[in-house]
Amino acid sequence: MFYPLTVMLGILPCVFSVTCLSAAEQAGSPACDPNGVCTAATPPAAPAGGKQLWAASRAFTDAPPLDVQKWLSGKPEMEGKFLVIEFWRTWCGACKRMTPLMNTLHKKYGDELVVIGLTGEPEEKVLTNKGPKKEYYLALDRPRADAGTPNAQRPTSNAQRVEGGPDQAEGTIPTTEGQGAYEACFGVWGWPHVIILEPQHRTVIWEGFPGLKGYELTEAKVAKILAIGRAANDKKAGKR
């Protein structure tokens, strides 16, 4: 088991359904009746004095298996490696700002982790995207099962906007716009949103906007996560 790592990271794993919650079942998501009529949802409030998320928190839960529609790069070897999954959009300026960090993690730690950019947007839009080249793995998310239902609108407010923070659609956010099935499991509504999954149980051990002031995802933080993982493996090997 990979138990020592989860203990050292303060993780208390709980089962996150393999067939993940639909967007309507997630906190802060719109409720839809059988006829597809959705009521507007209230956006999740920023925790007072804590880390703000533009997604539903899935920390310390086991993520569903990653099942993509199509790999735009070669399919990576993920067995035994940490996964760094970036949910992004082609129009997202914050995603472009974070691309160099994701490129660095891919180049520097590629033997121990896999960096994956995932979006539910059309393939042609992704392939013609302008901006810093994403040198890590790219994939298209599978369409949501409820993609044909009317979109509920999620209003935004200045209180939820953070200078230098993630990008959100202006005015109202169509909750299903460009969102695939896997991203919907995490209730993402601000981009980019990054999750890190540990190798054994695919438990979410980090989540959030990687550039959030005071809570940044840095090379040093990733290096520490990997070091803890190596130490746990060494301890496990020593007990054999």
Quiz item: Just checking, which of GLU79, GLU25 is acidic (Asp, Glu), out of contact with any strand residue (DSSP E or B) (no Cβ under 6 Å at 6 or more places or on another chain) and at pLDDT below 50?
Solution: GLU25
Quiz prompt | Meets criteria (surrounded by fewer than 15 Cβ atoms within 10 Å (Cβ to Cβ) and either among the polar types (S, T, N, Q) or touching a Cys at 6+ places or on another chain (Cβ under 8 Å) (or both)) for THR90 | solution = no
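For residues in region 129-157 being closer than 22 Å to LYS70 by Cα and of a type in the set (Gly, Ala, Ser), which is modelled with the highest pLDDT? Steps first, please.
Taking region 129-157 and keeping what is closer than 22 Å to LYS70 by Cα, we get 129-148.
Retained after the next criterion (residues that are of a type in the set (Gly, Ala, Ser)): 131, 139, 145, 147-148.
Working: GLY131: 90, ALA139: 98, ALA145: 84, ALA147: 64, GLY148: 53.
Looking at residues that are closer than 22 Å to LYS70 by Cα and of a type in the set (Gly, Ala, Ser), I get ALA139.
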Exercise. Just name the residue that is farthest from ARG97 (Cα to Cα) out of those in region 178-226 that are basic (Lys, Arg) and outside any helix (DSSP H, G or I).
Key: ARG202
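The values are calculated or read from the model by the stated rules, or taken from the named source; none is laboratory data. It should be emphasised that the depicted structure is a prediction, and the values quoted were computed from it without experimental measurement. Backbone-built Cβ (ideal geometry, glycine too); neighbour counts: all protein chains shown.
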